[in-house]
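S.K.: Let me give you the structure first, and then I'll get to my questions.
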Amino acid sequence: MSNASAPKLLSSTNPQIAKGDGNEPVQAYIAAMPDWKSTIGRRIDTLVEQVFPTVRKAVKWNTPLYGKEDGWFLAMYCYKKYVQITFMQGTSLTPVPPVTSKVEGVRYLNIHEDDQLDEAQLTDWIRQASKLPGKKL
């Protein structure tokens, strides 16, 4: 990909990717995530696919979304110092993901560069989230 066609990074370092349905725009987003964030993005994507092989994917509002027929259950977004995983029904997960939201029901997991990712816990949250009703956005 030439620099002229490379996705622009927003001030938060989130890639600006054209909206689209399916795996291709999500993979373009992950490839455009800067530095260590791309590795985290690939791992999150892999874990979601392992837990929920028939996952529906899309990019909307420069955000990869993961869902099923009735709506979205997980999203990912880059900030300068972390990658944020959004659980649309996060307050229904056990244990509840650590970061609160102003949006009812939503909880976040923020992953920083030096964090040890607890893949067992993340996989369990993905499994739980995929079984809850999805959110229409």
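Each value in this text was obtained by applying a stated rule to the coordinates, not by laboratory testing. Computed from a predicted structure; not experimentally measured. Note that we place each Cβ from the backbone using ideal geometry, even for glycine, and neighbour counts take in every protein chain shown.
S.K.: Which residue, ILE17, TYR108, THR123, has the largest displacement toward the positive end of the dipole of the chain when charges sit on each Cβ (Lys, Arg +1; Asp, Glu -1)?
M.R.: ILE17
S.K.: Shifting gears a bit: Pull up the cross-link candidates among the lysines for LYS68, meaning alpha carbon to alpha carbon under 18 Å and not fewer than 8 places away within one chain.
M.R.: Candidates past the 8-residue exclusion: LYS19, LYS57, LYS60, LYS131, LYS135, LYS136.
S.K.: If you don't mind, there's one more thing I want to ask. Quick check: the distance between the Cα centres of region 40-85 and region 113-137, to the nearest angstrom?
M.R.: Between the Cα centres of region 40-85 and region 113-137 lies a distance of 9 Å.
S.K.: Once both axes come from the Cα atoms, what is the angle between helix 23-32 and the longest principal axis of the chain, in degrees from 0 to 90, rounded to 10?
M.R.: 60
S.K.: Could you name the lysines in cross-link range of LYS81, using Cα to Cα under 17 Å and dropping any fewer than eight places away on the same chain?
M.R.: By straight Cα distance, LYS81 reaches LYS37.
S.K.: Follow-up. Would you mind calculating the relative contact order of region 8-130 from Cα pairs under 8 angstrom and at least 6 residues apart, reporting the percent as a whole number?
M.R.: On the way: 212 pairs, mean separation 25.8, N = 123.
It comes to 21 percent, rounded to a whole number.
S.K.: Here is a follow-up. What residues have an amide H closer than 5 Å to that of ILE17, excluding those fewer than 5 places away on the same chain, when H is modeled at 1.01 Å from N in the peptide plane?
M.R.: Amide H neighbours of ILE17: ASN62.
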